[in-house]
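**Student:** The following block contains the structure, expressed as structure tokens.
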Amino acid sequence: MARHDLMRLDLVVNIRFPGTRANGIQVAAMAEALADTGLAVDVVVPRRLPRQDLDPYAHYGVRRIFAVQRIANIDLIDLVPPRLQRVPFLLQSLTFGLRALARAAVERDAGILVRDHYTLELLVRGLREPDVRRLASEVHDLPDPGPRRARVARALAKLPAVVTISDALKSDLVDEGVPADSILVARDGVHLRRFERLPSKQEARRHLDLEASAPLVVYAGQLYPWKGVDTLVEAVGGLPGVRLLVVGGDRRNLSRIEALVARHAPGRVTLSGPVPHERVPFYLAAGDVVVLPNSGREEISARYTSPLKLFEAMATGRPLLATDLPSLREVLEHGRDSHLVPPDDPAAMAAGLRALLDDPERAERLAATAREEVEAYDWLARGRQVARFLRDRLAVGV
């Protein structure tokens, strides 16, 4: 069979879709962006329990230009307590991967871009060698050094195309034996169109019923410990009169943050809880400073991450304070587009916030530069970059 041009692409992702986590936002944004290049894109996801009657296009605010295919799997994960979910997770991953393998073996005219390591390993082992040549993987993290990382790296080394989100991920993959010329670094992005008509700070605060005159710091994202929100709460506690708005987060981590607020900054922190993703720019617009407080204690934060909220913060046109980590320095430069401070240091973060709040001219200059630089990170631009790479590397129909 002769090779033909890549026209169809299965984006295979073992996640709840739609859901509340950033991986779903990234998948929907990339499906839209890849479809915008002319590819016929199917997002292939598991049927998860409990069933949710949500429209993924409305949930993520994307155009209805790609399809969503849900495949059967054995999903018992949410039927047991979190401490017992390891075995149900492995069962769900195995059954989803096997169904994805069956689909790939039948629909041989499509390229495949897979997002999780378990499914990748099953596809590499189960597909015929010619079919592996139409298989790519998008890598957002790696297992800890050891046998599991080595197995993942061996699978990735067999692929014609690997997409990563950071230089550090590419470097580690090359060290593990993945050919450098098969790896594209494509950092995450932002829907710039959602930031075109933001309200003023005063308008946003009135709408959100926030105090109009007090300096306001805003964080948007999850509340996992590696996100560094604990440090941010302590830092705001050392800044009398400054308020903090925390947007998003899950109930599992919320109680930890509430306890920190009660101890360090009672009465000065607003916890919004989850908000629709398309509304996040409105919340960010209310701030005097937007903060990305990532911890440096975990590799995913220090070296691997390419946070969606980084690019959203840059697009907001508000000054950005971030922690000085290799993952963030791949995009940011202290004193040019942001103010960087040491990670996991509440006193240093408080000093950085005070420096931005006390020097509005410098803060506005940093914000203006960040807004110019974020133009390169629109999701549609990332989609064109990735689609071009896949068309060059994947061999469909061979």
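**Student:** Tell me which residues, restricted to the stretch 46-65, are modelled with pLDDT of 85 or more and not aliphatic (A, V, I, L, M).
**Tutor:** 46, 47, 48, 55, 56, 57, 59, 60, 61, 63, 64
**Student:** Show me the strands (runs of 3 or more DSSP E) entirely contained within the stretch 192-284 in which 2 or more residues are touching a residue at least 40 places away in the same chain (Cβ under 8 Å).
**Tutor:** Here the list reads 216-220.
Residue-by-condition table, conditions (1) among the aliphatic types (A, V, I, L, M); (2) farther than 28 Å from residue 378 by Cβ:
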| residue | (1), (2) |
| --- | --- |
| 123 | yes, yes |
| 126 | no, yes |
| 137 | no, no |
| 187 | no, no |
| 194 | no, no |
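**Student:** Next question. Inside the stretch 181-191, can you point out the residues that are within 12 Å of residue 161 (Cβ to Cβ) and touching a residue at least 40 places away in the same chain (Cβ under 8 Å)?
**Tutor:** Listed by number, the residues that qualify are 182, 184, 186.
Results for (1) of a type in the set (Gly, Ala, Ser); (2) under 17 Å from the mean Cα position of the chain (by Cα); (3) not assigned by TED's automatic domain parsing to the domain that holds residue 239, shown as yes or no for each residue.
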site: 303; (1), (2), (3): no, yes, no
site: 308; (1), (2), (3): no, yes, no
site: 315; (1), (2), (3): yes, yes, no
site: 322; (1), (2), (3): yes, yes, no
site: 328; (1), (2), (3): no, yes, no
site: 344; (1), (2), (3): no, no, no
site: 347; (1), (2), (3): yes, no, no
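One line per residue, one yes/no per condition, for (1) of a type in the set (D, E, K, R); (2) at pLDDT 95 or above; (3) buried (at least 21 other Cβ atoms within 10 Å of the Cβ):
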| site | (1), (2), (3) |
| --- | --- |
| 216 | no, yes, yes |
| 221 | no, no, yes |
| 236 | no, yes, yes |
| 250 | yes, no, no |
| 263 | yes, yes, no |
| 279 | yes, no, no |
| 288 | yes, yes, no |
| 291 | no, yes, yes |
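**Student:** Taking the condition modelled with pLDDT of 95 or more and either closer than 23 Å to residue 140 by Cα or not in a loop (DSSP other than H, G, I, E, B) (or both), does residue 42 pass?
**Tutor:** Spelling it out, residue 42 is indeed modelled with pLDDT of 95 or more and either closer than 23 Å to residue 140 by Cα or not in a loop (DSSP other than H, G, I, E, B) (or both).
**Student:** Here are some residues: 178, 139, 152. Which one is crowded, with 16+ Cβ neighbours inside 10 Å, assigned by TED's automatic domain parsing to the domain that holds residue 123 and under 20 Å from the mean Cα position of the chain (by Cα)? Working first, answer last.
**Tutor:** Numbers: 178 fails: under 20 Å from the mean Cα position of the chain (by Cα); 152 fails: under 20 Å from the mean Cα position of the chain (by Cα).
After ruling out the rest, the residue left standing is 139.
**Student:** Among the residues of the stretch 333-354, are any under 25 Å from residue 193 (Cα atoms), at pLDDT 95 or above, touching an Asp or Glu at 6+ places or on another chain (Cβ under 6 Å) and crowded, with 17+ Cβ neighbours inside 10 Å? Show your work before the answer.
**Tutor:** First, the residues of the stretch 333-354 that are under 25 Å from residue 193 (Cα atoms): 333, 336-338.
If we keep only those that are at pLDDT 95 or above too, we end up with 333, 336-338.
With touching an Asp or Glu at 6+ places or on another chain (Cβ under 6 Å) added as a condition, the list becomes 337.
The next check asks that each one be crowded, with 17+ Cβ neighbours inside 10 Å; those that pass are 337.
Yes, some residue in the stretch 333-354 is under 25 Å from residue 193 (Cα atoms), at pLDDT 95 or above, touching an Asp or Glu at 6+ places or on another chain (Cβ under 6 Å) and crowded, with 17+ Cβ neighbours inside 10 Å.
**Student:** Picking from 87, 62, which residue would you name as being in the same structural domain as residue 122 (by TED's automatic domain parsing), aliphatic (A, V, I, L, M) and not in a loop (DSSP other than H, G, I, E, B)?
**Tutor:** So the residue among 87, 62 that is in the same structural domain as residue 122 (by TED's automatic domain parsing), aliphatic (A, V, I, L, M) and not in a loop (DSSP other than H, G, I, E, B) is 87.
The values are calculated or read from the model by the stated rules, or taken from the named source; none is laboratory data. These figures come from a predicted structure and were not determined experimentally. Every residue, glycine as well, gets a Cβ built from its backbone with ideal geometry; the counts of neighbours run over all protein chains shown.
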